[in-house]
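Below is one structure, written out as structure tokens; comments come after it.
The values are calculated or read from the model by the stated rules, or taken from the named source; none is laboratory data. What you see is a predicted model, and the numbers here were worked out from it, not measured in a lab. For neighbour counting, all protein chains shown are included, and Cβ atoms are generated from backbone atoms with ideal geometry for every residue, glycine included.
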Amino acid sequence: MKFKTIFTTLQVLAFSVTLGATASAQEVLNFGVIASAGVQNLKKDWEPLLADMRRQTGLNVQPYYAQDNAGIIEAFKTGKVQIGFGKKSAIETLNSGSGEVFGMAVNANGSKGYNAVLIANKSSPLKNLDDVLKGSKSLNLGLGDVNSTSGYVAPVYYIFVDRKIDPQTAFLSVRNQNHEKNALAVANRLVDVATNNSEDLEHFAANYPEKFKELKVIWTSPLLPLDPLFMRKDLSAATKTKVKNFFYSYGKTAEEKSTLMEINKLAGYTPADDKALTPIRIIDLYGERFKAQASATLSADEKASKLADIDRRLAALK
């Protein structure tokens, strides 16, 4: 995730994986990653890794690309995806009890995470978050996909929840797009301010250097954990071992290191479990609580029931 988010909330990439010819029966394995930087850019960045995965594991990896977190979440729910990459997608699989985290991305610079940011056009008079909140009624806001940690969940939590501000009514207009489209919208002055993240901005700078010069960061969140790798609990032990061994060992040769640098400046992947996502799951639940409290469509009983359920889940995580 370095303005990408492999994990960035990166984006949706789904790998179709088939067991090698020596297997007695074919086992289809679909791997999903969020394509927040655009499908074409991800194809260029990820294909070398997929080629290495095919060669090293004997698995026949066929890519399937989607546009957002919702695509991976739905595909996992319906059994079309068994392995994925991304925080919100992983959270949904943990909440459903069908998935488990088995790894986390590692940045090449040694950092343990990345940051959500607010960006404005470099010519904008907006200098900081206070300027945005004071002038919100006249500003067009670009938020990320509602399932994006850095594009939606973290900004809503850190900026709006504590201040009891509903962004949908506080701004002149709100539009939801992926990180790349939001950055382009700010550069082209189609929105006044938008969410993004430190990793995807680096990716944007590499793909759109002239447009990147039109941007400035006016707010930065606390550090967010990198994207996790997750898989279905019901995968065979042999398949789980093959996939884990590939990702845990990847990044040792010069060629593999070069491939990972192209994928948002990653150094590799390290073993992890479900607890790695606890901070983000808590932030996500507070966001849900905020939306439920502000809902005008839920009845009093429905709202009370929903809030009680969220509070129960928060207590369990804490």
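Per-structure values
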quantity: Candidate set: the stretch 226-252, residues that are basic (Lys, Arg) and closer than 23 Å to LYS88 by Cα; chosen: the one surrounded by the fewest Cβ atoms within 10 Å (Cβ to Cβ); calculated: LYS233
quantity: Condition met for LYS275 (more than 21 Å from TRP46 (Cβ to Cβ), modelled with pLDDT under 85 and not in a loop (DSSP other than H, G, I, E, B)); calculated: no
quantity: The stretch 244-255, residues that are among the charged types (D, E, K, R) and either outside the structural domain of PHE85 (by TED's automatic domain parsing) or more than 14 Å from VAL106 (Cα to Cα) (or both); calculated: LYS244, GLU255
quantity: Odd one out for LEU215, checked against (1) assigned by TED's automatic domain parsing to the domain that holds GLN168; (2) within 21 Å of the chain's Cα centre (by Cα); calculated: (2)
quantity: Positions within the stretch 253-300 being surrounded by fewer than 16 Cβ atoms within 10 Å (Cβ to Cβ), farther than 16 Å from PHE160 by Cβ and among the hydroxyl-bearing types (Ser, Thr, Tyr), in sequence order; calculated: THR253, SER258, THR270, THR278, THR297, SER299
quantity: Residue within the stretch 183-194 that is within 25 Å of PRO279 (Cα to Cα) and either of a type outside the set (Asp, Glu) or at pLDDT 95 or above (or both) present; calculated: yes
quantity: Verdict on GLY287 being assigned to a strand (DSSP E or B) and either closer than 25 Å to GLY84 by Cα or of a type outside the set (S, T, N, Q) (or both); calculated: no
quantity: Filter result for ALA23 (modelled with pLDDT under 80, out of contact with any strand residue (DSSP E or B) (no Cβ under 8 Å at 6 or more places or on another chain) and surrounded by 24 or more Cβ atoms within 10 Å (Cβ to Cβ)); calculated: no
quantity: Any chance THR169 is over 23 Å from LYS88 (Cβ atoms), β-branched (Val, Ile, Thr) and at pLDDT 90 or above; calculated: yes
quantity: The stretch 286-313, residues that are of a type in the set (A, V, I, L, M, F, W, C) and either in contact with a Gly (Cβ under 8 Å, 6 or more places away or on another chain) or modelled with pLDDT of 90 or more (or both); calculated: LEU298, ALA300, ALA304, LEU307, ALA308, ILE310
quantity: Condition check for ALA154: in contact with a helix residue (DSSP H, G or I) (Cβ under 7 Å, 6 or more places away or on another chain), of a type in the set (Gly, Ala, Ser), buried (at least 19 other Cβ atoms within 10 Å of the Cβ) and over 22 Å from TYR286 (Cβ atoms); calculated: no
quantity: Among (1) crowded, with 17+ Cβ neighbours inside 10 Å; (2) over 25 Å from ASP274 (Cα atoms); (3) not polar (S, T, N, Q), the one test that GLY58 misses; calculated: (1)
quantity: Check on ALA120, modelled with pLDDT of 95 or more, buried (at least 19 other Cβ atoms within 10 Å of the Cβ), out of contact with any Phe, Trp or Tyr (no Cβ under 9 Å at 6 or more places or on another chain) and at negative phi; calculated: yes
quantity: Residue pairs meeting the criteria (Cβ under 7 Å; at least 6 apart or on separate chains; first at positive phi, in the stretch 31-56; second in a helix (DSSP H, G or I) and at pLDDT 75 or above); calculated: GLY38/GLU180
quantity: Strands (runs of 3 or more DSSP E) lying entirely in the stretch 71-182 (those with 1 or more residues that are touching a Ser or Thr at 6+ places or on another chain (Cβ under 8 Å)); calculated: 83-85, 99-107, 116-121, 140-143
quantity: Filtered residue count, the stretch 262-272, keeping only those that are at pLDDT below 85 and either in a strand (DSSP E or B) or in contact with a Ser or Thr (Cβ under 7 Å, 6 or more places away or on another chain) (or both); calculated: 1
